[in-house]
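Okay, so here's the structure we're looking at.
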Amino acid sequence: MIVEIDPGSSTPPYEQLRTQIAALIRSGDLAVGARLPSIRQLARDLGLASGTVARAYRELEAAGYLRGRAGQGTVVREIPEMTETERGARLAEAARAYATAVRELGADIEAAVRAVRHQLAD
């Protein structure tokens, strides 16, 4: 599993981790049944506090992406179906994070929209 945390980002590390793991699951790069590293191991590998990784895992478990059992580790579950409400909330969350990044970069709206269109076209 390859994830990268940007310490200079305005997005909290747990959210960066949660988003990247969810994307790996949705893309199939993390298959159903795949075992994730322990909280301590991943925290050590990424230079994060164990609580940061634990929060990302908890949120992914609550969203149905992971199943964790004491002594058995954390494994990937089937991708849960997302309701329209959940999809709208996630899209709004992503838009807020992107808008924050655009403001930090000092980019104008037209450049930001072009960048999004370019990424969505890929």
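The values are calculated or read from the model by the stated rules, or taken from the named source; none is laboratory data. All figures in this text were calculated on a predicted structure; none of them were measured in a lab. Quick reminder, even Gly has a Cβ in these numbers, built from the backbone with ideal geometry, and neighbours come from all protein chains shown.
Quick one: in the stretch 41-73, which of the residues that are outside any helix (DSSP H, G or I) and within 13 Å of the chain's Cα centre (by Cα) is surrounded by the fewest Cβ atoms within 10 Å (Cβ to Cβ)?
First, the residues of the stretch 41-73 that are outside any helix (DSSP H, G or I): 47-49, 63-73.
Okay, now just the ones that are also within 13 Å of the chain's Cα centre (by Cα), so 63, 65-66.
Details: 63: 16, 65: 22, 66: 22.
Among residues in the stretch 41-73 that are outside any helix (DSSP H, G or I) and within 13 Å of the chain's Cα centre (by Cα), the one surrounded by the fewest Cβ atoms within 10 Å (Cβ to Cβ) is 63.
Going by what's in this entry, would residue 26 be described as modelled with pLDDT under 95, under 24 Å from residue 95 (Cα atoms) and among the basic types (Lys, Arg)?
On the way: modelled with pLDDT under 95: yes; under 24 Å from residue 95 (Cα atoms): yes; among the basic types (Lys, Arg): yes.
So residue 26 fits the description; yes.
When the stretch 30-74 is examined, which residues are found to be modelled with pLDDT of 95 or more and aromatic (Phe, Trp, Tyr)?
Selection gives 57 alone.
Determine the pairs where a residue that is farther than 14 Å from residue 19 by Cα and touching a residue at least 24 places away in the same chain (Cβ under 8 Å), located within the stretch 59-76, has a partner that is of a type in the set (D, E, K, R) and not in a helix (DSSP H, G or I) with Cβ atoms under 6 Å apart, the partner being 6 or more residues away or on another chain.
73/35; 75/35; 75/67
Please determine, by comparing only the residues of the stretch 6-22 that are farther than 17 Å from residue 66 by Cβ and either buried (at least 19 other Cβ atoms within 10 Å of the Cβ) or among the polar types (S, T, N, Q) (or both), which one is modelled with the lowest pLDDT. Write out each step before concluding.
From the stretch 6-22, those farther than 17 Å from residue 66 by Cβ are 6-13; that's our starting set.
Checking which are either buried (at least 19 other Cβ atoms within 10 Å of the Cβ) or among the polar types (S, T, N, Q) (or both) leaves us with 9-11, 13.
On the way: 9: 89, 10: 85, 11: 89, 13: 95.
Out of the qualifying residues, it is 10.
Sort out which residues of the stretch 83-122 are of a type outside the set (A, V, I, L, M), under 18 Å from residue 15 (Cβ atoms) and surrounded by 12 or more Cβ atoms within 10 Å (Cβ to Cβ), and write them in order of number.
Those that are of a type outside the set (A, V, I, L, M), under 18 Å from residue 15 (Cβ atoms) and surrounded by 12 or more Cβ atoms within 10 Å (Cβ to Cβ): 86, 90, 93, 98, 100.
For the stretch 16-40: of the residues being more than 19 Å from residue 80 (Cα to Cα) and not in a loop (DSSP other than H, G, I, E, B), which is nearest to the chain's Cα centre (by Cα)? Outline the logic, then answer.
Within the stretch 16-40, the first condition is being more than 19 Å from residue 80 (Cα to Cα), and the residues that meet it are 16, 37-40.
Next cut, not in a loop (DSSP other than H, G, I, E, B) only: 16, 39-40.
Details: 16: 5, 39: 15, 40: 18 Å.
So the residue we want is 16.
For residues that are assigned to a loop (DSSP other than H, G, I, E, B) and without any contact (Cβ under 8 Å) to a residue 24 or more places away in the chain, scanning just the stretch 77-102, find the one that is nearest to residue 120 (Cα to Cα).
Let us first name the residues in the stretch 77-102 that are assigned to a loop (DSSP other than H, G, I, E, B), namely 77-83.
Filter once more, keeping what is without any contact (Cβ under 8 Å) to a residue 24 or more places away in the chain: 80-83.
Working: 80: 23, 81: 22, 82: 20, 83: 21 Å.
Filtering the stretch 77-102 for residues that are assigned to a loop (DSSP other than H, G, I, E, B) and without any contact (Cβ under 8 Å) to a residue 24 or more places away in the chain, the one nearest to residue 120 (Cα to Cα) comes out as 82.
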